[in-house]
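Here the structure is laid out as structure tokens; the discussion comes afterwards.
What follows is calculated from the coordinates using simple rules that are stated; it is not laboratory data. What you are looking at is a predicted structure, and each value in this text was computed from that prediction instead of being measured. Don't worry about glycine lacking a Cβ; one is built from the backbone with ideal geometry, like all the others, and counts go over all protein chains shown.
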Amino acid sequence: MILVNNPGTWRTVYWPLRHASWNGWTPADLIFPFFLFTVGVAAALSIAPSVERGESRWRLLMKTLRRGLTIFGLGLFLNGFPRFDLSVLRIPGVLQRIALCYVCASMAVLTLRVRGQGLTAAILLIGYWAMMALIPVPGHAGPGLTQVNLAAYIDNALLDGHLLHDGWDPEGLFSTLPAVGTTLFGVLTGHWLRSARTPSRCTLGLFVAGGVAVVCGLAMGVWFPINKNLWTSSYAVFTTGVALNALATCYWLIDVRGYRHWAALFVVYGTNSIVAYVLSSLLAKVLLLWTTRGAGGSRIPFQQHLFEAVFLRLARPINASLLYAVAYVILWLGVTGFLYRRRIIIKI
């Protein structure tokens with residue numbers, strides 16, 4: 001997320017680091033569903049054993065709600081910084097969606113059996129497809145899958161003036177329903193990892209399920225296009241398939257074969273992932289708000305000055321833009337590395 005969100009300039013970015021403009025996908029479009037999928041896996045690996053040990057479900061639910069509210073609040077803080085104008089404050093956001101999906105998935109683990117969790121995911125994705133594809137958008141001739149669509153209409157009706165764009169938001173409330181489905185797929189995967197199956201069989205199951213999900217997602221895309229902005233059901237299934245294959249590869253390399261050293265940097269980032277995301281987003285805003293005098297005498301953002309004065313001198317624009325993003329990732333690796341060495345884990 002940090003790499004994709006912080007190029008030196010948005011005018012020159014390699015296509016894998018750009019989101020698809022509407023239908024379709026790029027590697028950048030895999031990041032968010034991967035994160036939600038992992039949230040679901042973690043929920044199954046942490047909450048389910050706590051329930052089995054006899055911990056109070058009510059206590060676990062309160063802990064979940066508190067964490068969800070904290071993450072949601074951090075998202076609102078990022079959206080409002082630095083002016084905090086409540087009249088136009090964007091309500092949805094990346095952290096807000098993470099919070100909602102985390103709470104919903106955790107509640108499913110606490111209240112439903114595995115079959116019920118799978119059934120809930122299916123209902124969410126099938127129901128979302130049916131509503132988006134069959135219900136006419138009020139004020140229009142029929143259903144829509146462009147920026148005029150049922151999800152945008154509902155979000156605008158509930159949060160008019162508090163969305164990212166005029167009339168719609170890529171992290172809107174209605175499209176969070178299939179995102180919960182993505183998270184529940186992660187929960188089901190977590191249960192599979194906790195099962196008594198051998199590591200080899202577990203790995204094979206992940207690869208097979210991933211392959212089936214990728215094919216199903218692509219097939220569904222014929223009728224309900226793969227689209228991150230709408231978080232279509234085909235997008236949820238397809239990205240879950242890719243996530244399953246990625247997880248299977250990591251599980252085979254790390255847990256089965258014991259190749260762990262290559263993943264050390266990811267562990268460093270992962271121990272304080274939300275902190276790294278929040279602080280990096282804040283600094284990025286500060287660098288854009290802090291202005292300095294440019295070559296022509298006009299005021300320009302310090303981020304632009306830094307990019308032009310340092311990185312543009314090292315490479316042509318598109319590579320300089322990438323270098324800036326990589327340098328920003330390394331900067332926050334240094335911060336999280338410092339916290340990791342000091343055994344400081346800021347729990348949200």
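Brief remarks follow.
- Inter-centroid distance (Cα atoms) of segment 100-115 relative to segment 276-336, Å: 40 Å
- Interchain or long-range residues, amide H under 5 Å from Thr292's placed H: Ile300, Phe302
- Backbone geometry of segment 42-51 corresponds, through the Karplus equation with coefficients 6.51, -1.76 and 1.60 at θ = phi - 60°, to 3J(HN,Hα) couplings of 5, 4, 5, 6, 9, 7, 4, x, 5, 5 Hz, x marking Gly and Pro.
- Backbone HN-Hα couplings from phi across segment 101-116 [Karplus 6.51/-1.76/1.60, Hz, Gly and Pro as x]: 5, 4, 5, 5, 5, 5, 5, 5, 5, 6, 10, 10, 6, 4, 4, x
- Cα gyration tensor, segment 260-348 - rounded (a/c under 1.5), prolate or oblate: oblate
- In the chain, the DSSP-assigned H stretches of four residues or longer account for a calculated mean residue ellipticity at 222 nm of -20500 deg cm²/dmol, using -39500 (n - 2.57) per stretch and the full residue count as denominator.
- A straight chain from Ala219 to Val326 at 0.36 nm per residue would run longer than the Cα-Cα distance by 35.0 nm.
- Residues in segment 73-90 reached by a label modelled at Asp160 [backbone nitrogen below 16 Å; 7 Å Cα→Cβ]: 87-89
- At R0 = 22 Å, FRET efficiency that the Cβ-Cβ distance of Leu69 and His191 yields, to 0.05: 0.25
- Segment 1-65 versus segment 170-217: alpha-carbon centroid distance in Å: 13 Å
- Each label point was placed 7 Å from the Cα along the Cα-to-Cβ direction; for Ala263 and Arg53 their separation is 2.2 nm.
- Candidates per trypsin sites (Lys or Arg not before Pro) in segment 228-308, loop by DSSP, up to 13 other Cβ within 10 Å: Arg257, Arg260
- Contact order normalised by residue count of the chain, Cα under 8 Å, 6+ apart, percent: 23 percent
- For the pair Ile300 and Arg11, a Förster radius of 22 Å applied to the C-beta separation gives a FRET efficiency near 0.95, rounded to the nearest 0.05.
- Paramagnetic reach from Val256 (point 7 Å along Cα→Cβ, amide N under 14 Å) across segment 182-202: 193, 197-202
- Burial order of peptide ranges 269-281, 311-323 (average beta-carbon count within 10 Å, highest first): 269-281, 311-323
- Structure-derived mean projected area of the Cα convex hull in nm²: which label, when the choices are (i) 17.3; (ii) 21.6; (iii) 20.2: (iii)
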